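Readers should treat all values here as calculations from the given coordinates under stated rules, not as data from a laboratory. As the structure is a prediction and not an experimental result, all values here were calculated from the model. A quick note on method: Cβ atoms are made from the backbone with ideal geometry, for glycine too, and the neighbour counts reach across all protein chains shown.
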Ligand code: TSJ
């Protein structure tokens, strides 16, 4: 995922320059003379051809994530119309042929001739790079970040695209194929004068995209997020392909409801979500937050409805203001005594779920992937709005303030204990030399690039795994007993846990602030558990630990799940392995239905040869690499809190809803 996004760098610079050059050429060619029209047509084709030549520069990637960006790009235009106050509904339909229709009830893209280009504004929107939002009364277009690349990019990367505009009682239509205009904008009929809006249908080009089948769940998650961030908007999503879906997202509470949604699997510490909003320095700021009894911190930041996973100035402003406001209040109310140390930001944020959403006219982005807000005024704007309104809130709600304070003080103590435990571990490892855990059966090779470690469940699997590994580069480490559920434990308990200590030391990377991926001792960390319900549970616990404490190992693709076979199929003394129900059925078709089928064995019951061949030997095994989509971290966090949290009902619902995908999961 991370590697896939690298192409995005600098794409804005490039587009911006091309767009400016394009505009210049139109200033020269603004006549209606047909020769000049041809000349401008060539310019346009060159512009869109550039997009088709280097699609990654414009849409991020040509993988499934780029495919979905096509949809978001068009949807965001409808949402912008809603933000400007001219529409309140956007509907998205995934059609049976994997084309997508996006319809809004806004003013309709203008159809009058734009002077500069000498053609209808709507045609300009779809054929000239970066033309979006540069006409009309302007100023409202706040889309930024990775999107806002414009409808012309989507058009260039679509096999075909059709736009219909309903405006002033008339319906207009135009069609494009791979960016080329098929006919001049035409009136195709009339409509109720009260009916107005824009409808766009497009089919992403299979010549461009590696994958052209939309994933319903990914689009659903994104549209739900957009609906939370745009209070009051109604977003419909319909899937008209084989497997039908129909959903509407509409949240009058906006980001307040987003926080409630994210906290559904945990127990809130106080009933209401704290909400602040205000405008400072031309920046519109909204913050919603609520603590739960969880120990993780879940803060999501957005700029113009676009997620900024690396945070930035708005997040800094939030953190500083929260820490200072809370400490000031606690001192003033004597919740903190004169001799007590201040609460740290981390202590105050333990168990906090928060959404920070800012709307800025011309946001500046930083960082390698341009996903970090750089606009310095955002720091002050968020900080001022929060300080002012949170101070008032705490004064008005002393009982909530007290709960927050008690939670923070517990977090502070646990953190101090954890620090001690960590120092102790560190000192111990210095005293004991290399300090590798005793139960680690290490490999001989020292070059991490060539090494892998199998984390196995219990001692029964340890024996066979040790016997049939290649000791030169394969290490094995057993986990005894149940792995600690890190969603339900404070730091001190986590650091004190022997199994977790063992893993941290074996991996060599350290943890949290000390984490250093260059110290990783194994290129592949392979979780190997039985192919049954208990095994799936242990894998999930392991993944939860890695996700929360060493997410970079997952992001960088170092984490794998071993795949022991689910079935053995025996026929005429030949043995076949099947790794899924579908594979078993296919095998049975091939070898005949009368074959002998046996369900999985525990790793501990396998013959050495068998375990090696099916699960461990790189020549013959299958490994699943665990990856992490950066598209919606909030949804991924929710998955973990739901699976591992205290609330039974949300977990049951989640498993029911996802039963198809997680067959063996029982938690
Ligand atoms: F992406 C897109 F261009 F294809 C697209 C645009 C897709 C969708 C689903 C909606 C839209 C869109 C654009 N909806 N509403 C608008 N509004 C305008 O373009 C518009 C209308 C009127 C005026 C005006 O000043 O009168 C100005 C604008 C920008």
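Brief remarks follow.
- Relative to the longest principal axis of the Cα atoms of the chain, the long axis of helix 458-468 makes an angle of roughly 90 degrees.
- Per the Debye formula on identical point scatterers at the alpha carbon atoms of region 508-629, with no solvent, log10 I(q)/I(0) at q = 0.16, 0.20, 0.21 Å⁻¹ is -0.83, -1.11, -1.18.
- Order of 217, 116 under a 10 Å beta carbon neighbour criterion, fewest first: 217, 116
- Rg over Rh for region 318-404 works out to 1.05, using Cα positions for both radii and the Kirkwood form for Rh.
- Fewest neighbouring Cβ atoms within 10 Å first, the residues 177, 423 line up as 423, 177.
- Residue 417 paired with residue 207, simple spin-label distance in nm, labels 7 Å along Cα-to-beta-carbon: 6.5
- Kirkwood-type hydrodynamic radius, region 515-582: 14.0 Å, calculated from all non-identical alpha-carbon pairs.
- Dividing the Cα radius of gyration of the chain by its Kirkwood radius returns 1.01 for Rg/Rh.
- Convex hull of region 256-314 built on C-alpha atoms - directionally averaged projected area, nm²: 4.7
- Acute angle (nearest 10 degrees) that the helix 34-53 long axis makes with the longest principal axis of the chain, alpha-carbon atoms: 0
- Each residue of region 397-547 gets 127 Å³ once the volume of the Cα convex hull is shared out per residue.
- Efficiency of FRET between residue 636 and residue 518 - r from beta-carbon atoms, R0 30 angstrom, step 0.05: 0.75
- The angle between the Cα long axis of helix 377-396 and the longest principal axis of the Cα atoms of the chain comes to about 70 degrees, rounded to the nearest 10.
- Sites residue 97 and residue 534, calculated FRET efficiency, Cβ-Cβ separation with R0 51 Å, nearest 0.05: 0.70
- With 5 Å bins beginning at zero, the pair-distance distribution over Cα atoms of region 165-254 amounts to 3, 11, 14, 14, 16, 19, 17, 6, 1 %.
- Among 358, 163, the order by Cβ neighbours within 10 angstrom, fewest to most, reads 163, 358.
- Computed from the alpha carbon atoms alone, the convex hull of region 448-516 holds 90 Å³ per residue.
- Compared with the rule-of-thumb size 2.2 N^0.38 Å for a compact globular protein, region 210-358 has a Cα radius of gyration ratio of 1.24.
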